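Here's the structure, in structure tokens; my notes come after.
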């Protein structure tokens with residue numbers, strides 16, 4: 001059983017560090033989900049702080065191990081219809097990915113959203129992340145056919161090294 005906790009301001013440095021490790025890390029313990037087509041940080045504590053302040057209905061949830069180490073985190077936010085929630089920023093420790101932390105954290109996020117009244121989860125994934133898209137599809141998420149533009153010129157999420165990026169939308173009924 002995963003115990004999720006709402007992130008506090010004191011958690012944001014550690015959440016940003018784990019996010020950047022998972023999304024941009026390199027070396028022996030690099031994540032299989034590294035975004036090698038973007039450079040720079042994926043997020044900062046300041047960006048997270050601004051996102052939390054701008055979205056009071058959202059939940060930035062953390063999962064810690066028995067020793068208190070941050071194992072993973074994700075963002076959940078209700079969309080306009082209230083029944084569909086957006087799931088993003090799912091990150092787990094790259095040095096522990098062989099322990100199925102990602103699938104356990106994703107399932108906990110689905111359970112949390114369901115308990116809040118969600119009947120559907122939606123996410124966006126960068127179009128060139130075929131392996132990650134396939135991972136989500138194996139967990140019941142389906143491509144909707146919707147494609148959203150990549151925010152070129154907004155380097156808050158990293159500087160793109162390619163000019164063919166976009167976001168595909170995936171959804172799952174809960």
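The values are calculated or read from the model by the stated rules, or taken from the named source; none is laboratory data. What you are looking at is a predicted structure, and each value in this text was computed from that prediction instead of being measured. Cβ: placed from backbone, ideal geometry, glycine included. Neighbour counts: every protein chain shown.
Take the conditions under 15 Å from the mean Cα position of the chain (by Cα), closer than 23 Å to residue 25 by Cα and either surrounded by fewer than 19 Cβ atoms within 10 Å (Cβ to Cβ) or touching a residue at least 12 places away in the same chain (Cβ under 8 Å) (or both) and apply them to residue 141. Does it pass? The answer is no for residue 141. Restricting the stretch 121-138 to residues that are over 25 Å from residue 61 (Cα atoms) and out of contact with any strand residue (DSSP E or B) (no Cβ under 8 Å at 6 or more places or on another chain) leaves a set whose member that is surrounded by the fewest Cβ atoms within 10 Å (Cβ to Cβ) is 130.
Yes/no matrix, rows are residues, columns are (1) surrounded by fewer than 16 Cβ atoms within 10 Å (Cβ to Cβ); (2) farther than 19 Å from residue 129 by Cβ; (3) in contact with a strand residue (DSSP E or B) (Cβ under 9 Å, 6 or more places away or on another chain); (4) at pLDDT 90 or above:
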position	(1), (2), (3), (4)
10	yes, yes, no, yes
13	yes, yes, no, yes
31	no, no, yes, no
38	no, no, yes, no
46	yes, yes, no, yes
52	no, yes, yes, yes
61	no, yes, yes, yes
110	no, yes, yes, yes
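Considering (1) at pLDDT 95 or above; (2) surrounded by 15 or more Cβ atoms within 10 Å (Cβ to Cβ); (3) out of contact with any helix residue (DSSP H, G or I) (no Cβ under 6 Å at 6 or more places or on another chain), the lone condition that residue 70 does not fulfil carries the number (3). Being closer than 28 Å to residue 3 by Cβ, over 16 Å from the mean Cα position of the chain (by Cα) and buried (at least 17 other Cβ atoms within 10 Å of the Cβ) is a property that holds for residue 118.
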